Amino acid sequence: MVETSAPKAPVRVRFCPSPTGNLHVGNVRTALFNWAFARHNGGAFVFRVEDTDAARDSEESYRGLLDSLRWLGLHWDEGPEAGGDVGPYRQSQRFDLYAEVAGALRSSARAYDCYCSHEELEQRREVARAAGRPSGYDGHCRELSDAQVAAYQDQGRKPALRFRMSDTAITFTDLVRGEITFEPEHVPDYVVVRANGQPLYTLTNPVDDATMAISHVLRGEDLLSSTARQLPLHRALGDLGIGGGVLPSYGHLPFVMGPGNRKLSKRDPGGGLLGYRERGFLPEGLLNYVALLGWSIGGDRELFSLDEMAAEFRIERVNPNPAQFDLKKCEAINGLKLRALSVDDLARRLVPYLQDIGALGAAASPEQETLLRAATPLVQERMTVLSEGAQMLGFLFSDDTTFVVDAGDAVAVLTADGKEVVAASREALASLDAWDTAAIESVLREALVVRRGLRPKNAFGPVRVAVTGRRISPPLFESLELLGRERSLARLGAALTR
Ligand code: GLU
Ligand code: ZN
């Protein structure tokens, strides 16, 4: 027997997604908690890619995965591109190892050939269900005679490899949930290699955890029953001298529930990592919120940095109850993080979003950079995600005088009455000598509110849409100043001819 606890094993955790390229919030949380656990304990954060399913995995999604983790800023100590002593870190490059392990399990009778066809398995399951018996694999091929094996082979059947579970209960102490017991009828013998030779997650995952000397497995609660299956396999590997003999400790992170109290993994309301990124969440904003899904830094405190999280992170403090994902809250936290950035930093982060909407080209000119730097404080308090800031600032960078981001706003506001207001404001502004916020404000108030008796909303709404293209914009008078006299007058003129 291997020791059931390995007190002196160095802390090594792993994040091991399949390459879908678009992680959902639950995956992000798993990555974050593993990263924080490694940092807190001075251990290694291993990144492994579970790409054994050639039909579903692609090089593109593999790249997407690396890119996602990099964007999040969760630096991995070992893994693709970083290297490490126990690589390769892509399962698709480890098939020789899996074949070797499968052979060892088979020859030591820890696993056996199963010739049952899908139809036969399904049929026996039905019978068991009808009789009220457990419907898992019934051990049919555990002790086949040579004659039975020969008969199956004569029929041309190819066997799958099935791991032999013990007939006693499996008990382990979960780092989050405490003691867990699975009765043997709930963890029947399971397939580790398909009849076509393909090794399954059930094999590759624990084999890699063992050979990579993973000390702690922190993963979603949906894998709780996998742990009951994997523990005996780990012990078997230890007995066979495969891996370093470290039996990992397990901690299962609570489910994350999305809208309608459905598991978020099925449908992330933010559109997965790519969706959050596209809308302009800051990685540190998204991670800060995700940290709150089952963990708290203490008290009512909700805002913290990654380093602060790592300093405080203890797996025992993770709450086993399901966590509720709230997109509004996630946005609010992101907004607070945005507000805490320096103006220079925020301006720099807005650039790709301005490029996305075509307001900036691939390389911003020095003038554009200065303009962006000057305009950024106007929107810093008004957005929750970067794309909103870019939408509001886009008007400053386009030289197209008919530039209107939101055509709907133009139709709603630039009515006949609206155009009269625009004409009056243009005339008033054209007479201005000094082009600064205070002068602009006073001349517009005089012309529209005082002389025409308009309410501010009706006075400035049309001007705002004519100049910025949208009803939601940075403060109007400052915007006019930044846009400059010529461009402002040109836009007001263009709005009249719409
Ligand atoms: N590749 C598995 C997944 O993405 C890993 C699960 C685990 O952490 O063991 O679900
Ligand atoms: Zn069988």
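Between Arg194 and Leu274, the contour length at 0.36 nm per residue exceeds the Cα-Cα span by 25.5 nm.
Its relative contact order, with pairs defined as Cα atoms under 8 Å and 6+ residues apart, puts the stretch 58-175 at 25 percent. Isolated cysteines of the chain, defined as having no other cysteine beta carbon under 4.7 Å away, are Cys16, Cys116, Cys330.
Each Cα pair under 8 Å and six or more residues apart adds its separation to the average, and for the stretch 308-406 the resulting relative contact order is 31 percent.
Here the 3J(HN,Hα) profile of the stretch 309-321, calculated from phi with Karplus coefficients 6.51, -1.76 and 1.60 at θ = phi - 60°, is 4, 4, 5, 9, 6, 10, 5, 5, 8, 6, 7, x, 6 Hz, Gly and Pro shown as x. Could you tell me the center-to-center distance, by alpha carbons, between the stretch 311-386 and the stretch 248-291 in angstrom? Value for the Cα centre distance between the two parts: 17 Å.
One Cα centroid belongs to the stretch 116-171, the other to the stretch 52-85; the line between them spans 37 Å.
With the Kirkwood sum run over all distinct C-alpha pairs, the stretch 176-226 has a hydrodynamic radius of 13.0 Å.
Dipole check for the chain: with +1 at the C-beta of Lys and Arg, -1 at the C-beta of Asp and Glu, and the Cα centre as origin, the magnitude is about 1020 Debye.
Lysine pairs in the chain whose alpha-carbon atoms fall under 21 angstrom of each other, counting only those eight or more residues apart or on distinct chains, come to 7. Extension gain, Ala55 to Arg70: 0.36 nm times the residue separation minus the Cα-Cα distance gives 2.8 nm. How far apart, in nm, are two points set 7 Å out from the Cα along the Cα-to-Cβ line at Arg157 and at Glu308? Taking the simple label geometry, Arg157 and Glu308 are separated by 6.2 nm. Dividing the summed -39500 (n - 2.57) terms of all DSSP H runs of n ≥ 4 by the residue count of the chain sets its mean residue ellipticity at 222 nm at -14000 deg cm²/dmol.
Take every Cα pair under 8 Å whose residues are at least 6 apart in sequence, average their separation, divide by the length of the chain, and the relative contact order is 13 percent.
What's the exposure ranking of Lys329, Lys263, going from fewest to most Cβ atoms within 10 Å?
Lowest to highest Cβ neighbour count: Lys329, Lys263.
Taking amide H as placed 1.01 Å from N in the peptide plane, Val217 has its amide H under 5 Å from the amide H of Ser249, Tyr250, Gly251, each at least 5 places away in sequence or on another chain. With the convex hull of its Cα atoms as the shape, the stretch 105-162 has an orientation-averaged projected area of 4.3 nm².
Any read-out appearing in this document is the output of simple, stated calculations on the displayed coordinates, not a laboratory observation. Values in this document were obtained by computation on a predicted structure and should not be read as measured data. Virtual Cβ from ideal backbone geometry, glycine too; neighbours counted across all protein chains shown.
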